[in-house]
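Encoded as structure tokens, the structure appears first; notes follow it.
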Amino acid sequence: MARFCPEKIYRPLRSAINLMAGIPSVVYGFFGLVVLVPFVREHVGGFGMGVLTASVLLGLMILPTIISVSESAIRAVPNSYYEGGLALGASHERSVFFAVLPAAKRGILAAVILGIGRAIGETMAVIMVAGNQAVLPDSLTSGIRTLTTNIVMEMGYSSGLHREALIGTAVILFIFVLIINISFSLLHKED
């Protein structure tokens, strides 16, 4: 979008992506329930509520965030990088991919981290399309229950050891997110 999209297409496309980023997760969940679940049921098999449906829905949910932040990172790169690539005889595509994108790599990595963080913490949409079964999945069409869903579904009536187990689940979720962020930080330092 930042370097290849014509201006007359860019404005409505950017508006649509920003609109998608602002849609509440319950609306995405309803879309998944009405559109994705029947599609998966008819074309892939199973009940339609499972790992595959939740993965596709989470991908749709995080893409607008990743696209918006990445596009801002690419636009933040000084135009002299692109012009320098052109001055050295590179084509438009090579200037973008070998001069601009490496300079915007940190912002793009931040966009991916934000998107993954949203996917890991997502609860409402996943409750609606993942099948909500507290079992280990044996295929992509099997129902699942994520850590966040488990906490939300059972916290209201838990007490004693059950509540402590849910708090332990939250700690595991926190550690998992921390490990992902540290991994991205280490990856970022190597560059």
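The values are calculated or read from the model by the stated rules, or taken from the named source; none is laboratory data. Quick caveat, the model's predicted, so the values are computed rather than measured. In this analysis, Cβ positions are derived from the backbone assuming ideal geometry, glycine residues included, and neighbour counts consider all displayed protein chains.
The rows are residues; the columns are (1) closer than 18 Å to V126 by Cβ; (2) small (G, A, S); (3) not in a loop (DSSP other than H, G, I, E, B).
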| site | (1), (2), (3) |
| --- | --- |
| L136 | yes, no, no |
| T148 | yes, no, yes |
| R163 | no, no, yes |
| V171 | no, no, yes |
What's the number of the only condition in (1) at pLDDT 85 or above; (2) out of contact with any Phe, Trp or Tyr (no Cβ under 8 Å at 6 or more places or on another chain) that V135 fails to meet? (1)
Go through the residues of the stretch 16-32 one by one and say whether even a single one is in contact (Cβ under 8 Å) with a residue 60 or more places away in the chain, touching a strand residue (DSSP E or B) at 6+ places or on another chain (Cβ under 8 Å) and within 22 Å of I120 (Cβ to Cβ). no
Might you let me know whether the stretch 83-99 holds any residue that is under 30 Å from P137 (Cα atoms) and in a loop (DSSP other than H, G, I, E, B)? no
Cβ contacts < 6 Å: first residue over 14 Å from R106 (Cβ atoms) and touching a residue at least 40 places away in the same chain (Cβ under 8 Å), restricted to the stretch 167-191; second residue surrounded by 10 or more Cβ atoms within 10 Å (Cβ to Cβ) and among the aliphatic types (A, V, I, L, M), any location; separation 6+ or different chain. Result? L173/L147; V177/I120
